[in-house]
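The values are calculated or read from the model by the stated rules, or taken from the named source; none is laboratory data. Given the structure is predicted, the values throughout are model-derived calculations rather than measurements. Neighbour counts run over all protein chains shown; Cβ positions are idealised from the backbone, glycine included. Just so you know, the surface numbers come from the protein's heavy atoms only, side chains and all, with ligands and any DNA or RNA stripped out. Shrake-Rupley method; radii C 1.70, N 1.55, O 1.52, S 1.80 Å.
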Amino acid sequence: MIVRVWHGWTSPGDADAYERFLRETLFAGLRAGVYGFRGGWALRRRSGDEEEFLVMTLFESLDAVRAFAGDDYETPVIEPEAARLLIRGDERAAHYESVIEPSA
C-alpha cells in the first residue's frame, strides 16, 4: 500500500467549494477510473487566514501511483477547477510505503 500525501491552502471563502471538489470530483473520479486507487481522506483546518487541506490518497502500488500521476509521480496533480480555488500547495507530493494500523 502507498499513501500519497499533499497539502493545499484556500481562502476561507473558497474552502467549501474546494471540499466539494475533493468529494464530488477528485475522489469520485479516482474511484471510478484510476487503476489501483484504494481510497482516500482529506483533512481540513483553519490555519491563520487560510484553510489548510491535507489530502491522502491510497494506491495499491507505486505503479498505480504512476498510472495516476505519471512517471514524475511526486509532481502534484492539480485539476483546473482545483487550481482556481487554491492559493498555494506543496511543490511535491510525499509517498509512504508503510501503513501502520493500531492493533485491536
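Brief remarks follow.
- Most fluctuating residue given options 43, 86, 30, as computed from a GNM of the chain linking Cα atoms under 10 Å: 43
- Normalised per residue, the accessible area of the chain is 61 Å², obtained with a 1.4 Å probe and no contribution from ligands, DNA or RNA.
- Cα-centre dipole for the stretch 5-56 with unit charges at Cβ (Lys and Arg positive, Asp and Glu negative), debye to 20: 360
- Split the accessible area of the chain by element, probe 1.4 Å, and carbon with sulfur accounts for 49%.
- Dipole of the chain [Lys/Arg +1, Asp/Glu -1 at C-beta], most positive-end residue of 94, 67, 18: 18
- Values of log10 I(q)/I(0), in the order q = 0.14, 0.19, 0.28 Å⁻¹, for the stretch 22-71 under a Debye, Cα-only, solvent-free model: -0.41, -0.66, -1.04
- Positive-pole candidate from 5, 39, 104, dipole of the chain, charges at beta carbon: 104
- Summing Cβ point charges (Lys, Arg +1; Asp, Glu -1) relative to the Cα centre of the stretch 1-97 gives a dipole of roughly 280 debye.
- Read-out Kirkwood radius over Cα pairs in Å, derived from the coordinates shown; its label in (i) 14.8; (ii) 14.2; (iii) 13.8: (ii)
- Size of electric dipole in the stretch 63-103: Cβ of Lys, Arg +1 and of Asp, Glu -1, about Cα centre, debye, nearest 20: 200
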